[in-house]
Amino acid sequence: MSSEVSTECLVIGAGPAGLQASYLLKQSGRDHIVLEAGAAAGTFFTRFPRHRQLISINKIHTGWDDPELNLRVDWNSLLSDDPDLLFTTYTPRYFPNADDMVRYLGDFAVKNDLPIRYDTRVVSVTRPDDFVVRDQHGSTYRAKRVIVATGVSQPHVPDIEGAEHAEHYYDVSVDPQDFVGKKVLIIGRGNSAFETADALVETASVIHVAGPGSLKLAWQTHFVGHLRAVNNNFLDTYQLKSQNAVLDGHIAGIRRDGDDYLVKVSFQRVNEVIKEIRYDRVILATGFRFDASIFAEECRPQLTIKDRFPDQTAAWESANVPDLFFAGTITQARDFKKSTSGFIHGFRYGVRALHRIAEQRYHGVDWPSRHVAVADVTEAVIERVNRTSALWQLFAFLADAVLVAPDGTARYVEEVPVAHLHEAVARGDFGDVESYLTVTLEYGADHDKVNPFDITAGRNSQQDTSGLDGRYLHPVVRHFRGGELLGEHHVTENLENEWDSEQVHKAPLRAFLGTRR
Amino acid sequence: MAYDYLIIGAGPAGLQLAALLERDGRDYAVLERGSGAGTFFTRYPRHRKLISINKVHTGSTDPERRMRMDWNSLLLDDPDLLFTRYSPRYFPDADDIVRYFQDVADGLEVHYDIDVTRISRDDDGFTVQDRGGETWQAKHVVVATGVSQLYVPPIPGIEHAERYDTFDTDPSSFTGQRVLVIGKGNSGFETADALVENAAVIHVAGPHSVKLAWQTHYVGHLRAVNNNFLDTYQLKSENAVLDGTVERIEPRPEGGFRIQFRYARTVEKLRELEYDRIIACTGFRFDASIFDDSATPALVIKDRFPQLTSAFESTNVPGLYFAGTITQSRDFKKSTSGFIHGFRYGARALHRVLGARHHDTPWPATELELSPEAIGDAVIARVNTSSCLWQQFAVVGDVVSVDGESARYEQEVPVAFVADGGLGPAEHRFVATLEYGPDHDTVDPFDITVPRVAENDAVNAADASYLHPVVRYYRHGVLTSTHHLAENLENDWDLPEVHQQPLVVFVKECLAGA
């Protein structure tokens, strides 16, 4: 049964990131194999989210014909040339059922004829010379490089005394009838915790959701992993006095007392007063983590953020294992709780950028670029910011760049990670660059500290032409030489995100660029 | 012959009052325009989901405590007539409440299909005429007609907008359209959320900040169940909340509409915006058109509600009383008189007012031993069980009156009614309410950098911002001293050292004149 296969690149995991990587490798004609533990693509989504409602939006009716614009409000599709392979054709629901995602990813794998080996669980990764990957059947795969797209497959268990007594979001019953009249503690305050709490509102008698730190609402922080409105109904059941509560504090310990649990909560807002509270059920909904256990010592990636994610370079390469790359939700270590690398609508562009980086590094294929006349830069920037989905989703993280050569000619490159761009320009990966512009979409500084619905908080006029920072998403153009920031221009925010007014948007940008020569 | 009471409207408030009058054998009739009880709920809310909670599993067997979590039931003696028996849904379907009201109305003196067109008053009392030409006489009229009219703001061109009360709620007709919803209340956001899957662009516009019920504790502000739309704005999904005023609406020759909009938070000039559809979700108002000059009640709050005394009587038409959601003018955007779980107690208080005024039935009272311990224990017992004080926070209180050597305990009296002398004079009087702290509505409840008074902290209880008992002491009607009981996570205010003993000390000092 066992065999040995050699390939150029191994992709581990046929979830959305693995499929996206494989699609791009195949398009470029690169020899590769995808190894998938499950019987089909997208196995994670057969179980998660536990209550089956995806909170990645699926907006079908956009009023636009432009497929690029449509991707701004389609957070589930992968990037492909096939217009039939859009998730929006799979369900009309704004918050889709996870089963539709499984069906979509399965079709994506089949229709693109991706080289996936299913039921192939990687049990070890070693690196005697090339990487050698072994599966549960004893077969081995050799490759010069590996892309790990295994997602966050393990529950993150916080360091709480007695945590072993608690149930897990991972496998707790999702039948609310199992909780009738119960007093339930849910530890965690992310979407999984509130999704779980909200599902029990009709049956549990008392629900407490506990965790340290202020509750963060996505509508204020613009980080879609913070609490989403679709999951926040529980907050009313607390503040409108319906027996439930949000406890702001650390869990200091969990112990059994007969059939009950006694949980010590250390309250943060009241000088860490400790109170022991009795519950019938205790559920940990404390997030997930990357599983590094398959890697042998010589190629085990360093971890970061409470050892939950692999530590990565600006090119998504392991910080300590060369040629070991990461794709998918585990790349959120690069923009943790800021932008969208942890989510399909972000990492689909991350994977495409990784592919371009690898094409350059392993195959000498330059990052795609086009020449742009210096006089046309304003138009080129305006045209892109009004269309791009990549810069829109991976705000402040991906940039378009205008690279100016010593002879004054300019090239336009798209969708480069900002951090990688600085390093790559310095290394000469983009040729001779005298100075360069980055174009990003960004929220303003401290946007996450302002209640967006408080009208006493002033806002810039949409007719403002000062070029200064705004608060809502808007284009930012920065000028660099040798990695040093020389100037910065903000294009005024706009209700419809249409930055195409000659007077308000273009002329001030042109004036800024005029001072950059 | 004249009835003692004619109640106009067989909605929840009319039924609540009728059930109490029926129980006490009073002479009354209810006139209802519709063919059944609760007609309002056959149409509203338009998307059919009630946002009044229905918590069936409370862990408590005490019917009074269970009413704290049951925002839909009326106050009836029959334990089978609880709304919690009608639906397991936390946010019930409006059809279930129609079914419930019809069962409640069974056995009450309700006349259906009676459309009241004219109410007049002379020295003999009230004359009520209906559309069928019949005439009804009564000594007193209780208007429980709800807010039956859409409030239409004075915007030039508003007649071009569709209306919350009549627009087609089927989202498919909005597919791919640009839609403006005017109004930032629950009906506005309920309407917007229902269009999220179909409309291309939705703007929700209004001049004020969006107020979240979880911060203001006013359940008429935006509820979490309706706030999903806010994410679709801030997470960049083509929709938006516009802060400002619509100044003009005009149709475009090619179809659709152009509006002029003035932003509230920038100095920008008028902005022109274009939409395919506009829906006005700008609230409701009381219909005062049925009164002739002899009985026209004064109105308040942009003429949306009748002006009431603390006894729920019109300020200018004696004998004309009000019940139900229109009594929200008494605690506008503060407490719960606008909602069933609040006004059911308001209607019961009105019943007691009427009993005292017209039937020699004083406000029900129990005698208490005159001792600080007995008074303290009685208050502690009630704040730990009462649903009325819980729901009608700061508006309705329990009262202990001490005169000479006797003390009596009167439950659930509107605080303003006490202040207006409704219970008569007393040397010492304690009024116990449940209240949020001052400025509770300006604090983000989920910001942990805002310090909180520890639960069970009796010393700093006065600074508590979450719901907690407050006891005020009046000497000869003058507020003399105020005592706060420490807040508690489980709302159990019965710890001897934390709650009971400090209250007894307070009562003792007040009685001693300290």
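The values are calculated or read from the model by the stated rules, or taken from the named source; none is laboratory data. Being a predicted model, the structure only gives us computed values, none of them experimental. In this analysis, Cβ positions are derived from the backbone assuming ideal geometry, glycine residues included, and neighbour counts consider all displayed protein chains. Just so you know, the surface numbers come from the protein's heavy atoms only, side chains and all, with ligands and any DNA or RNA stripped out. Shrake-Rupley method; radii C 1.70, N 1.55, O 1.52, S 1.80 Å.
Tabulated data for the structure shown
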{"read-out": "A:Ser3 accessible area, assembled protein chains, probe 1.4 Å, Å²", "value": "50 Å²"}
{"read-out": "Chain lengthening between B:Asp106 and B:Glu274 when straightened (0.36 nm per residue, less Cα-Cα)", "value": "55.4 nm"}
{"read-out": "Stokes-Einstein translational diffusion, segment B:376-514 - Kirkwood Rh over all Cα pairs, 1.567 mPa s, 4 °C, in µm²/s", "value": "84 µm²/s"}
{"read-out": "Computed helical MRE - 222 nm, the protein assembly as shown, DSSP H runs ≥ 4 contributing -39500 (n - 2.57), nearest 500", "value": "-5500 deg cm²/dmol"}
{"read-out": "For B:84-91, mean number of other protein chain Cβ atoms within 10 Å", "value": "2"}
{"read-out": "Entries of B:Lys49/B:Lys211; A:Lys275/B:Lys211; A:Lys449/B:Lys211; A:Lys59/A:Lys506; A:Lys26/A:Lys338 with Cα pairs more than 24 Å apart", "value": "A:Lys275/B:Lys211; A:Lys59/A:Lys506; A:Lys26/A:Lys338"}
{"read-out": "Farthest toward positive dipole pole in chain B [+1 Lys/Arg, -1 Asp/Glu at C-beta], among B:Leu212, B:Ala512, B:Asn72", "value": "B:Leu212"}
{"read-out": "Table column - 3J(HN,Hα) (Hz), segment A:382-396, Karplus curve with 6.51, -1.76, 1.60, x for Gly and Pro", "value": "4, 4, 5, 5, 7, 10, 4, 8, 4, 5, 5, 6, 8, 4, 6"}
{"read-out": "Peptides ranked, highest mean first, by Cβ atoms within 10 Å: ranges A:351-357, A:164-170", "value": "A:351-357, A:164-170"}
{"read-out": "Label zone at B:Thr449 (point 7 Å along Cα-to-Cβ), backbone N below 12 Å, segment A:209-249", "value": "A:214"}
{"read-out": "Accessible area (Å², 1.4 Å probe, nearest 10) - A:Phe95", "value": "30 Å²"}
{"read-out": "Dmax and Rg, reported as Rg then Dmax, of chain A (C-alpha, Å)", "value": "24.5, 80"}
{"read-out": "Label-point separation, A:Asn271 to A:Val157 (7 Å along Cα→Cβ), nm", "value": "3.6 nm"}
{"read-out": "Spatial separation of Cα centroids for segment A:199-256 and segment B:414-455, in angstrom", "value": "26 Å"}
{"read-out": "Pairwise FRET efficiency - A:Asp82 versus A:Arg387, Cβ, R0 = 30 Å, nearest 0.05", "value": "0.90"}
{"read-out": "Distance in nm between pseudo-label sites at B:Glu373 and A:His165 (7 Å out along the Cβ direction from Cα)", "value": "3.9 nm"}
{"read-out": "Ordering of B:342-348, B:507-513, A:342-348 by burial proxy (mean other Cβ atoms within 10 Å per residue, highest first)", "value": "B:342-348, A:342-348, B:507-513"}
{"read-out": "Theoretical FRET efficiency, 1/(1+(r/R0)^6), r = Cβ-Cβ of A:Asp178 and B:Arg89, R0 22 Å, to 0.05", "value": "0.75"}
{"read-out": "Karplus-derived HN-Hα couplings along segment A:287-294 (A = 6.51, B = -1.76, C = 1.60, θ = phi - 60°), whole Hz, x at Gly and Pro", "value": "x, 10, 8, 5, 9, 9, 6, 7"}
{"read-out": "Label-reachable residues, segment A:17-31, where backbone N falls under 15 Å from a point 7 Å from A:Tyr118's Cα toward its Cβ", "value": "A:19"}
{"read-out": "Segment B:407-481, Cα convex hull volume normalised per residue, Å³", "value": "120 Å³"}
{"read-out": "Total accessible area lost when B and A pair, probe 1.4 Å, Å² to nearest 100", "value": "6600 Å²"}
{"read-out": "For segment A:422-517, convex hull of alpha carbons as volume per residue, Å³", "value": "114 Å³"}
{"read-out": "Cleavage-rule hits, GluC sites (Glu not before Pro), segment B:429-503, DSSP coil, Cβ neighbours within 10 Å at most 12", "value": "B:Glu490"}
{"read-out": "Cβ neighbours within 10 Å from other chains - mean over A:58-65", "value": "6"}
{"read-out": "FRET efficiency, B:Glu254 to B:Thr42 (Cβ-Cβ, R0 45 Å, nearest 0.05)", "value": "0.75"}
{"read-out": "Whole-angstrom gap from segment B:201-231 to segment B:239-307, using each part's C-alpha centre", "value": "17 Å"}
{"read-out": "Distance between segment B:68-128 and segment A:1-61 - C-alpha centres, whole angstrom", "value": "58 Å"}
{"read-out": "Rounded D (µm²/s) - the protein assembly as shown, Kirkwood Rh over Cα pairs, Stokes-Einstein at 10 °C, 1.306 mPa s", "value": "50 µm²/s"}
{"read-out": "Ellipsoid equivalent to segment A:221-346 - semi-axes via the Cα gyration tensor, in Å", "value": "36, 21, 13"}
{"read-out": "Virtual spin-label span in nm between A:Gln360 and B:Glu64, 7 Å along Cα→Cβ", "value": "7.5 nm"}
{"read-out": "Cα gyration tensor shape of segment B:140-282, rounded if a/c is under 1.5, else prolate or oblate by comparing a/b with b/c", "value": "rounded"}
{"read-out": "Stretchable slack from A:Lys306 to A:Lys449, in nm (0.36 nm times residue separation minus alpha-carbon distance)", "value": "49.0 nm"}
{"read-out": "Net dipole in debye of segment B:275-351 [+1 Lys, Arg Cβ; -1 Asp, Glu Cβ; about Cα centre; nearest 20]", "value": "420 debye"}
{"read-out": "Karplus-derived HN-Hα couplings along segment B:322-328 (A = 6.51, B = -1.76, C = 1.60, θ = phi - 60°), whole Hz, x at Gly and Pro", "value": "10, 9, x, 4, 5, 6, 4"}
{"read-out": "Cα-based Rg / Dmax (Å) for segment A:1-142", "value": "16.9, 55"}
{"read-out": "Computed magnitude of the charge dipole of segment A:122-265 (debye, nearest 20; Cβ of K, R +1, Cβ of D, E -1)", "value": "600 debye"}
{"read-out": "Segments A:377-383, B:382-388 sorted - mean Cβ within 10 Å per residue, highest first", "value": "B:382-388, A:377-383"}
{"read-out": "Accessible-area value, B:Leu423, 1.4 Å probe, nucleic acids and ligands omitted, Å²", "value": "20 Å²"}
{"read-out": "Shape call, chain B: gyration tensor on alpha carbons, a/c limit 1.5", "value": "oblate"}
{"read-out": "Neighbour cut-off at most 13 other Cβ (10 Å), DSSP loop, GluC sites (Glu not before Pro), segment B:235-281", "value": "B:Glu254"}
{"read-out": "Residues with amide H under 5 Å from that of B:Val181, placed H, sequence gap 5 or more", "value": "B:His203, B:Val204, B:Ala205, B:Ile279"}
{"read-out": "For segment A:181-295: rounded, prolate or oblate by the Cα gyration tensor [a/c cutoff 1.5]", "value": "rounded"}
{"read-out": "Cα-centred dipole magnitude for chain A, charges only on beta-carbon of K, R (+1) and D, E (-1), debye, nearest 20", "value": "740 debye"}
{"read-out": "Inter-chain Cβ neighbour average for residues B:64-76, partner chain, 10 Å", "value": "1"}
{"read-out": "Dipole of the protein assembly as shown [Lys/Arg +1, Asp/Glu -1 at C-beta], most positive-end residue of A:Val270, B:Ile182, A:Phe453", "value": "A:Phe453"}
{"read-out": "Long-range HN-HN contacts of B:Gln149 with modeled amide H, under 5 Å", "value": "B:Arg285, B:Asp287"}
